[in-house]
Amino acid sequence: MDSFTRRDFVGVAVAGTAFALTAGAQTNEDTQALTNPVDCTLTINGEKHTLQVDSRTTLLDLLRDKLQLTGTKKGCDHGQCGACTIIVNGKRINSCLSLAVMNDGNEITTIEGLATGGKLHPMQAAFVEHDGLQCGYCTPGQICSAVAMLQEVKNGAPSVVTPNLAQIGTIELTDDEIRERLSGNICRCAAYVGIVAAVRQVAQGVNA
């Protein structure tokens, strides 16, 4: 015992605390994994997944943590920034606000599923061409949102800035329309000029 110094004691105490915390975390994870299991079948980027998930798991966490589709980003986790935007049955949603079990049977497209055969989706290529990104963290959500938004316009869905709502025909996708329709996707780097230009290019059919 004479050789057991104060430094040795501190080292043992720290190691013991770390072990206890790690064991506790593992126990919590194991317990959570067995809580409220629900069978769920999702088609993601054309691939069918049959899974057993906790009924409280968000679609965002399922994509990132269970399926390793980390292109979809977790930003605010409150549906306010748009970083987690994906496309479900052709419509854009904030995946952080949707439970995985709510999407049983749905067709889901993430940023990983937009490119085909090694070729970028026209929207992805346009973002690159027009520097519609800087740090890139919000970019997957921006692109998924933009792709689904163009389909909304094609379907005749108006926005707040669409004129003559009583006589809607073909909607002209002006810069104001683009800004309004993508206002739920925040870019903290403020690459908005490039984003609008990229969306405008794809909307006009350039390189599509």
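The values are calculated or read from the model by the stated rules, or taken from the named source; none is laboratory data. This is a predicted model, so every value here is computed, not measured. With ideal geometry, Cβ positions are generated from the backbone for all residues, glycine too; neighbour counts draw on all protein chains shown.
A few notes on this one:
- Of all residues in region 136-160, those that are of a type outside the set (Gly, Ala, Ser) and closer than 22 Å to Lys73 by Cα total 10.
- Among residues of region 52-93, those that are in contact (Cβ under 8 Å) with a residue 40 or more places away in the chain, part of a strand (DSSP E or B) and more than 17 Å from Arg188 (Cα to Cα), counted: 6
- Residue within region 146-153 that is closer than 23 Å to Asn89 by Cβ and among the β-branched types (Val, Ile, Thr) present: yes
- Residues that are on the phi < 0 side of the Ramachandran plot and surrounded by fewer than 18 Cβ atoms within 10 Å (Cβ to Cβ) within region 129-147 comprise Glu129, Gln134, Cys135, Tyr137, listed in sequence order.
- Residue list for region 166-190, filter: in contact (Cβ under 8 Å) with a residue 60 or more places away in the chain and surrounded by fewer than 17 Cβ atoms within 10 Å (Cβ to Cβ): Gly184
- Identity of the residue in region 176-208, within 19 Å of the chain's Cα centre (by Cα) and charged (D, E, K, R), that ends up nearest to Lys91 (Cα to Cα): Arg181
- Matching residues, region 108-128, being outside any loop (DSSP other than H, G, I, E, B) and farther than 18 Å from Met149 by Cβ: Glu112, Thr116, Lys119, Val128
- Some residue of region 34-46 being surrounded by fewer than 19 Cβ atoms within 10 Å (Cβ to Cβ), at pLDDT 95 or above, outside any strand (DSSP E or B) and in contact with an Asp or Glu (Cβ under 9 Å, 6 or more places away or on another chain): yes
- Matching residues, region 129-160, being hydrophobic (A, V, I, L, M, F, W, C) and either more than 19 Å from the chain's Cα centre (by Cα) or not assigned by TED's automatic domain parsing to the domain that holds Cys187 (or both): Val153, Ala157, Val160
- Hey, Ala166 over 26 Å from Thr109 (Cβ atoms) and in a helix (DSSP H, G or I) or not: yes
- Scanning region 100-128 for residues that are in contact with a Ser or Thr (Cβ under 6 Å, 6 or more places away or on another chain), more than 17 Å from Thr70 (Cα to Cα) and surrounded by 18 or more Cβ atoms within 10 Å (Cβ to Cβ) yields a single hit, Val101.
- Looking across region 134-153, the residues that are outside any helix (DSSP H, G or I) and either β-branched (Val, Ile, Thr) or touching a residue at least 24 places away in the same chain (Cβ under 8 Å) (or both) come down to Gln134, Cys135, Tyr137, Cys138.
- Asp131 satisfies every condition listed in (1) assigned to a loop (DSSP other than H, G, I, E, B); (2) more than 23 Å from Thr70 (Cα to Cα); (3) acidic (Asp, Glu) except (2).
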